[in-house]
Amino acid sequence: MRRLGSLSVFVLFFVTGTAACGGDDPAPSAGPSDAEGEVDEEDGALPKCELAVSKGPWVVAVDGTTAKVRWESCRSGGGALTFAPEAGGASTRQGSAVSQAIVTTNNEVPFRRTGDWAGTYFMHEVALKDLAPSTCYAYALEQDTTAKGRFCTARPSGESFTFATIGDTNPGLGDLTVLQDTIYGKKPELTVHMGDIQYYSSGLESYGTWMELMRPMLRGAAFFPAIGNHEFEKPLEREEYVERFWGNPGFDGNSDYYRLQWGGVWFFALNTEIEMGDGSPQMKWFAEKLDDATKKPGYRFAVVYFHRPFVTCGDTDQKDALRKLYQPLFTKYAVKLVVAGHVHGYERFEFDDVTWLTSGGGGAKLSKMDANVSRPECVDRKASGAFWNATLITVKPGEIAGVTYDAKGALRDSFTRVVP
Ligand SMILES: [Fe+2]
């Protein structure tokens with residue numbers, strides 16, 4: 001048994017047979033748009049979720065041949081999905097491993113009838129393996145065939161690919177419909193998220209509402225989040241929600257920091273909410289794994305992303321000491337892109353041959369992006385603005401290029417830089 005705070009997670013069983021649900025389960029419901037979580041106004045009792053698929057699906061931990069598809073169900077019993085290459089090919093069915101999670105906290109959301117409620121939930125994970133590299137797959141869940149998505153496997157070094165950056169996603173406040181349609185309509189192969197994944201504090205969303213509003217992102221590409229300060233805003237939120245949904249999303253690390261590889265580009269997610277200074281386990285891990293990555297065949301360059309910015313002209317502090325500490329590693333090992341969130345808007349700095357983005361415009365209350373424009377680094381800020389945004393970044397041989405869109409789908413910035 002794995003114990004996370006007061007959250008108990010029990011791995012119950014594997015399902016590889018033909019039955020998707022336990023024999024005593026009712027027939028699948030119409031889907032996640034049911035009235036999950038609505039408080040019974042007659043007696044005020046806590047709501048009872050009966051959805052076959054109550055949150056998700058989403059995909060984490062993708063490399064060239066493996067991927068993990070996750071979702072939450074309110075029903076006991078097994079689950080399964082079918083998947084096939086988008087370009088055509090045989091469909092394959094695979095059962096899920098199911099973990100029972102007992103959630104002890106209620107997170108009610110003012111002005112919303114859908115909160116996150118204490119109770120027993122069933123987390124499903126399908127660990128796919130022996131996939132083909134450089135291949136995009138479509139999948140659908142057997143418990144609810146309207147719950148479907150896509151993901152792509154990682155590419156070998158040298159191949160071109162596109163990924164998305166977004167941070168501070170608060171879709172209960174800022175409407176991200178057009179932004180997500182714009183970004184995911186262009187089919188990026190992975191999303192890196194700068195943290196502050198969901199905002200209870202905005203008073204406008206729960207994880208239940210967030211999961212519905214962020215479906216295009218979650219279902220459009222593999223998801224690799226960093227941890228932000230809003231992952232801790234409610235008691236046991238990290239244990240009962242964040243860890244349950246996003247635990248161990250990458251490789252060679254843990255839920256706080258990890259790495260992944262795509263097309264010879266190595267991505268490193270760091271956690272600015274825990275110790276990352278000189279001598280910290282996190283910095284030691286980063287230095288060791290970055291050095292190791294550069295020795296891998298086909299290493300091109302690295303992308304590092306995290307929540308609180310090392311540099312910003314917006315209305316928050318910047319991490320001068322951390323930037324000074326990490327810069328030598330970035331220089332030595334060819335880190336060519338650094339992405340942060342936390343500041344709710346957009347910034348692009350160019351320092352020598354390294355691009356630094358602030359990609360924190362996922363719907364949260366916009367920041368004052370020029371509040372500290374007198375900082376000396378701000379002369380190297382090439383683009384900025386207080387608008388909701390996400391960026392698509394395409395890596396090609398010898399080049400990295402970014403295009404940033406706002407919430408109306410308008411192009412707001414673009415850049416092209418030379419990379420190894
Ligand atoms: Fe933040």
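The values are calculated or read from the model by the stated rules, or taken from the named source; none is laboratory data. Remember, predicted model here, so these are calculated numbers, not experimental data. No Cβ is skipped: glycine too gets one built from the backbone with ideal geometry, and neighbour counts run over all protein chains shown.
Given the conditions (1) assigned by TED's automatic domain parsing to the domain that holds V265; (2) surrounded by 23 or more Cβ atoms within 10 Å (Cβ to Cβ); (3) assigned to a loop (DSSP other than H, G, I, E, B), and given that A164 satisfies all but one, which numbered condition is not satisfied?
(3)
Restricting the search to the stretch 167-201, which residues are under 19 Å from K55 (Cα atoms), without any contact (Cβ under 8 Å) to a residue 60 or more places away in the chain and surrounded by fewer than 24 Cβ atoms within 10 Å (Cβ to Cβ)?
Result: T177, T191.
Need the failing condition index for G362 against (1) away from the ligand (no atom under 15 Å from the Cβ); (2) of a type in the set (G, A, S); (3) within 22 Å of the chain's Cα centre (by Cα), just the number.
(1)
Which of the residues spanning the stretch 114-154 are part of a loop (DSSP other than H, G, I, E, B) and either surrounded by fewer than 16 Cβ atoms within 10 Å (Cβ to Cβ) or among the hydrophobic types (A, V, I, L, M, F, W, C) (or both)?
W117, A118, K129, D130, L131, A132, P133, S134, T145, T146, A147, A154
Report yes if T92 is in contact (Cβ under 8 Å) with a residue 24 or more places away in the chain, on the phi < 0 side of the Ramachandran plot and not hydrophobic (A, V, I, L, M, F, W, C), otherwise no.
Answer is no for this residue.
In this structure, does I166 turn out to be more than 16 Å from the ligand (Cβ to nearest atom) and not small (G, A, S)?
no
What pairs come up if the first residue lies in the stretch 312-332 and is under 20 Å from K382 (Cβ atoms), the second is of a type outside the set (A, V, I, L, M, F, W, C) and assigned to a helix (DSSP H, G or I), and their beta carbons are under 8 Å apart, counting only those six or more places apart or on different chains?
Taking only residues 6 or more apart or on different chains, the pairs are C313/E377; Q318/E377.
Among (1) more than 16 Å from the ligand (Cβ to nearest atom); (2) touching a His at 6+ places or on another chain (Cβ under 9 Å), there is one condition M369 misses while meeting the rest; what is its number?
Of the numbered conditions (1) more than 16 Å from the ligand (Cβ to nearest atom); (2) touching a His at 6+ places or on another chain (Cβ under 9 Å), the odd one out for M369 is (1).
Can you name the number of the only condition in (1) more than 16 Å from the ligand (Cβ to nearest atom); (2) assigned to a strand (DSSP E or B); (3) touching a Lys or Arg at 6+ places or on another chain (Cβ under 8 Å) that L357 fails?
(1)
Return the total of residues in the stretch 215-240 being more than 14 Å from the ligand (Cβ to nearest atom) and either surrounded by 23 or more Cβ atoms within 10 Å (Cβ to Cβ) or of a type in the set (S, T, Y) (or both).
8
Which pairs have Cβ atoms under 9 Å, sit 6 or more apart or on different chains, and link a residue in the stretch 290-306 that is more than 21 Å from T391 (Cα to Cα) to one that is assigned to a loop (DSSP other than H, G, I, E, B) and acidic (D, E)?
D292/D252
Do the conditions hold for Y121, that is, is it in contact with a Leu (Cβ under 9 Å, 6 or more places away or on another chain) and either touching a residue at least 12 places away in the same chain (Cβ under 8 Å) or within 29 Å of S201 (Cβ to Cβ) (or both)?
In short, no.
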